[in-house]
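This report concerns only the one structure given below.
The values are calculated or read from the model by the stated rules, or taken from the named source; none is laboratory data. From a predicted model like this one, the values you see are computed outputs, not experimental measurements. Quick reminder, even Gly has a Cβ in these numbers, built from the backbone with ideal geometry, and neighbours come from all protein chains shown.
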Amino acid sequence: MNYPQTVLNLTLDTIFPVKCLGCGKLSSQKQPSYVCGECIRSIPIKKQSECVGCKATSPLGQTCFNCKKDNYLDQLLIVTDYKNPLIVKVIKTFKYRLIANMIGPISLLTKKYILWLSTQKKYQINSGSPLIVPVPLFYRRLNWRGFNQAELIAKSLANMLQTNYQPDLLLRIKESKPQADISDKSERIKNPANIFQLNKGVMIKDRTVIMVDDICTTGATLNECARVLKENGAKKVVGLVFARG
């Protein structure tokens, strides 16, 4: 855990009461929330699914025929749109201000999206008891940050679906440059290559795996995870991200 940052956040929250990132309304001190209920309800979920490769409209985010040769990910599910200014604030507060309780509004929006998939699209994401797996962080970054934001989302999702949660299924064995620090698309695609491996002794043959992350841009990180999983016997790999940039 990043104790200095945690102490700093607690101190700042004591001196400066938590305000909603959207409307600026003061939050309850007993249950501080960075996004109030009204603002959460105002955020639309993403109802137009797209291919992970070309971003063309695709039924339930299935990887299109033309992109299958370059993508191991079978499907991409996106909770909400990164173009929403409030979503940008939520993600940046989560990742860079190291505020772990941002998982609250993220979980609520994810639940809203899962419910929409079930009721409007008749798609049951937990069909077949999939494994819910977060994209792992390298241990040095995890120690610095104090938590893995993808792991918090994945754990929340597994609790919602009452299905298998496997936080250690994949290991990040090499440190790589953060994708957000790379502007060139071709470099983003190359950056995650060969940085993951399957945890020894874990059997995933013929299983469906749902890889969870906070944000997806080119899809390179999810695809590298999917490659490792497929090469070790996974039947299907679905990506679920909070937003896509």
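When restricted to residues that are farther than 19 Å from I106 by Cα, out of contact with any strand residue (DSSP E or B) (no Cβ under 8 Å at 6 or more places or on another chain) and modelled with pLDDT under 95, segment 10-58 contains 9.
A single entry from L73, L60 fulfils the requirement of being buried (at least 16 other Cβ atoms within 10 Å of the Cβ) and touching a residue at least 60 places away in the same chain (Cβ under 8 Å): L73. Of the candidates R244, R188, the single residue that is in contact with a Cys (Cβ under 7 Å, 6 or more places away or on another chain), under 26 Å from I87 (Cβ atoms) and among the charged types (D, E, K, R) is R244. Of the residues that sit in segment 192-226 and are of a type outside the set (A, V, I, L, M) and touching a Pro at 6+ places or on another chain (Cβ under 9 Å), which one is farthest from D81 (Cα to Cα)? Looking at residues that are of a type outside the set (A, V, I, L, M) and touching a Pro at 6+ places or on another chain (Cβ under 9 Å), I get R207.
Restricting attention to segment 227-245, report how many residues are closer than 23 Å to S183 by Cβ and either in a loop (DSSP other than H, G, I, E, B) or of a type in the set (K, R) (or both).
So the first thing to find is which residues in segment 227-245 are closer than 23 Å to S183 by Cβ, and the list is 239, 241-245.
Next cut, either in a loop (DSSP other than H, G, I, E, B) or of a type in the set (K, R) (or both) only: 244-245.
Residues that pass the stated criteria total 2.
Just one of the listed residues (I78, I103) is closer than 30 Å to K174 by Cα, touching a residue at least 40 places away in the same chain (Cβ under 8 Å) and surrounded by 21 or more Cβ atoms within 10 Å (Cβ to Cβ), and it is I78. Looking across segment 128-154, the residues that are surrounded by fewer than 17 Cβ atoms within 10 Å (Cβ to Cβ) and part of a helix (DSSP H, G or I) come down to Y139, R140, R141, L142, N143, W144.
Restricting the search to segment 109-127, which residues are part of a helix (DSSP H, G or I) and in contact with a Leu (Cβ under 8 Å, 6 or more places away or on another chain)? Write out each step before concluding.
Let us first name the residues in segment 109-127 that are part of a helix (DSSP H, G or I), namely 109-120.
The answer is T110, Y113, I114, L117.
Number of residues in segment 121-157 that are among the β-branched types (V, I, T) and under 11 Å from I103 (Cα atoms): the value is 1. With the condition kept exactly as written, say whether any residue in segment 93-101 is part of a loop (DSSP other than H, G, I, E, B), closer than 29 Å to K230 by Cα and either hydroxyl-bearing (S, T, Y) or over 15 Å from the mean Cα position of the chain (by Cα) (or both). No, that holds for no residue. Scanning segment 127-147 for residues that are within 20 Å of L109 (Cβ to Cβ) and modelled with pLDDT under 95 yields a single hit, F147. Please work out which residue is nearest to L86 (Cα to Cα), limiting yourself to segment 20-57 and to residues that are outside any loop (DSSP other than H, G, I, E, B) and small (G, A, S). My answer is S42. Scanning segment 223-233 for residues being within 14 Å of N199 (Cβ to Cβ) and surrounded by 24 or more Cβ atoms within 10 Å (Cβ to Cβ) gives a total of 2.
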